[in-house]
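The values are calculated or read from the model by the stated rules, or taken from the named source; none is laboratory data. Please read these numbers as outputs of a predicted model, since none were measured by experiment. A quick note on method: Cβ atoms are made from the backbone with ideal geometry, for glycine too, and the neighbour counts reach across all protein chains shown. Remember, those area values only see protein heavy atoms, side chains included, never the ligands or the DNA or RNA. Shrake-Rupley method; radii C 1.70, N 1.55, O 1.52, S 1.80 Å.
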Amino acid sequence: MQIFTAQLPLPTNYLYGDFFAFHLRDQHNVAEIVEENTLHKGIIWQQHATKMTLELKKQQAIISLEIDPPSVIVNEQDLLTLAQHVLGLKQNIDEFEKYYCENPTLGQLIEKQRGLRIYQSASAFEALVWAIIGQQISVHAAIAIRRRFIQAVGIQHTSGIWCFPDTPQVKSVDDETLRQTGFSKGKITALRALCEAIENQQIDLSQHVTHSNANQITEQLLKIKGIGPWTVSYALLRGFNYLDGSLHGDVAVRRNLQTLLDKPEQPNAKETEKWLAQFSPWRALVAAHLWRSQSAAGY
C-alpha cells in the first residue's frame, strides 16, 4: 500500500460542519466515515480500491490517498485537484453572495448561510448514479439503496471501507443483483444506458461544464432512457460544480420556497422554475440555499 499526501488552504468562511454533515447522512459508515474533523471515503482511483482521507483544520485541508497496489503513482497536482473538487472549492460563491446579499428576498437567507457551497461527489459518475438512485424517492430511501449498491457492486479497500463502484464494476453485475439493492426496472435501464454511453464515448464525464457547453452535455444525458431534467440538473450540480441547473421539480425546493415567500400554498414546478430563472447563472446554488434552510445535511 502507498500513501500520498498534500495540503491546501481553506476559505475563512468554509462551513466545516456542513461538509461533515453531508457525509454523515449514512450512519452505517460503509463508504464514508467521519471522525471528528476527518473524513474517510472509499473511492476507485485508476481502477484501484483507495481510501481518501480529508482532514480539515483551521483554514487548511490535508488530503491523503491510501492505494492498495504499490505500483500506482499519484502526483501532488492530482491530489490537490481532487481535494478542491470534493470540498467544493472550485465554486465562485463570493461573487454570488456579493451580488445577492442585498436582495430583498434572498439577502437574509444568504447572510445566515454565508460560505455555503456544494460538496461534490468524488466523481461525475458517482454523482450521476446518486441522482438516478434518488429519482422520485425520499433521501432516506435513496441512502439505503446507495449503501446496498456500494456493498453489492463496489470494491472493498484493505482498510475495510467500501469504494463507490465505477462503470467496470457496474457492468460486471447482473440485473438481479441491482434489483436486490433496491433499483427499480427503470433505474436499472438508466444505469445500464449511462454505462454504455460512457463506454461508447457518447458522453465525456471528464469535461469541464460551463455555461457554453452545459446545454450540450444536458442534451446528451437526456437522450439516455430514464434520465430526465431533475436528474441532469442534480448531477451537474453535485458532480460538475455547475451552479445553474434548474431544480424546480425538487419537492424540498418548492416546500422551502413556500416558507421563504410566506405563501399559503406550495408553488408548483412551473412557478418555481419561473422564480428561479431570475437568479441565473446561480439557480442551483439558490436551490441549495433553500435546501440548507431546512437541514445542514439536506443539500
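Accessible surface area normalised per residue over segment 2-91 is 45 Å², counting heavy atoms of protein chains with a 1.4 Å rolling probe. Electrostatic bookkeeping for N13 treats Lys and Arg as +1 and Asp and Glu as -1; over the other residues with beta carbon under 10 Å from its beta carbon, the sum is 0. In a simple Cβ point-charge model (Lys, Arg +1; Asp, Glu -1; nothing else charged), segment 30-147 has a dipole of about 240 debye relative to its Cα centre.
Across q = 0.06, 0.08, 0.11 Å⁻¹, the chain modelled as identical point scatterers on its alpha-carbon atoms has Debye log10 I(q)/I(0) values of -0.19, -0.34, -0.66, in the order of the q list.
Normalised by residue number, the volume inside the convex hull of the Cα atoms of segment 2-91 is 95 Å³ per residue.
Charges only on Cβ, +1 for Lys and Arg, -1 for Asp and Glu: so what's the dipole of segment 2-91 about the Cα centre, in debye to the nearest 20? Using Cβ point charges on Lys, Arg, Asp and Glu, segment 2-91 gives about 200 debye. Each of the peptides 76-83, 251-258, 118-125 was scored by the mean count of other Cβ atoms within 10 Å over its residues; in descending order, highest first, they stand as 118-125, 251-258, 76-83. Estimated from the Cβ-Cβ distance and a Förster radius of 35 angstrom, the FRET efficiency linking T158 and E199 is about 0.80. When a 1.4 Å probe is rolled over the protein heavy atoms, the share of accessible surface on segment 2-91 that falls to carbon and sulfur comes to 50 percent. A protection proxy built from the mean count of other Cβ atoms within 10 Å ranks the segments 237-246, 266-275, 39-48, most packed first, as 237-246, 39-48, 266-275.
Relative intensity of segment 127-243 on a log10 scale, I(q)/I(0) at q = 0.14, 0.17, 0.21, 0.22 Å⁻¹, equals -0.58, -0.86, -1.26, -1.35, per a Debye sum over C-alpha point scatterers of equal strength in the absence of solvent. Counting 0.36 nm for each residue step from K112 to T12 and taking away their Cα separation leaves a gain of 34.5 nm.
Can you tell me the FRET efficiency between Q151 and E102 if r is taken as the Cβ-Cβ distance and R0 is 35 Å, rounded to the nearest 0.05? That pair, Q151 with E102, gives E of 0.15. For the chain, a crude dipole built from +1 on the beta carbon of Lys and Arg and -1 on the beta carbon of Asp and Glu, taken about the Cα centre, is about 640 debye to the nearest 20. Ranking G42, L80, A31 by Cα position along the charge dipole of segment 2-91, where only Lys, Arg, Asp and Glu carry charges on their C-beta atoms, puts L80 farthest toward the positive end.
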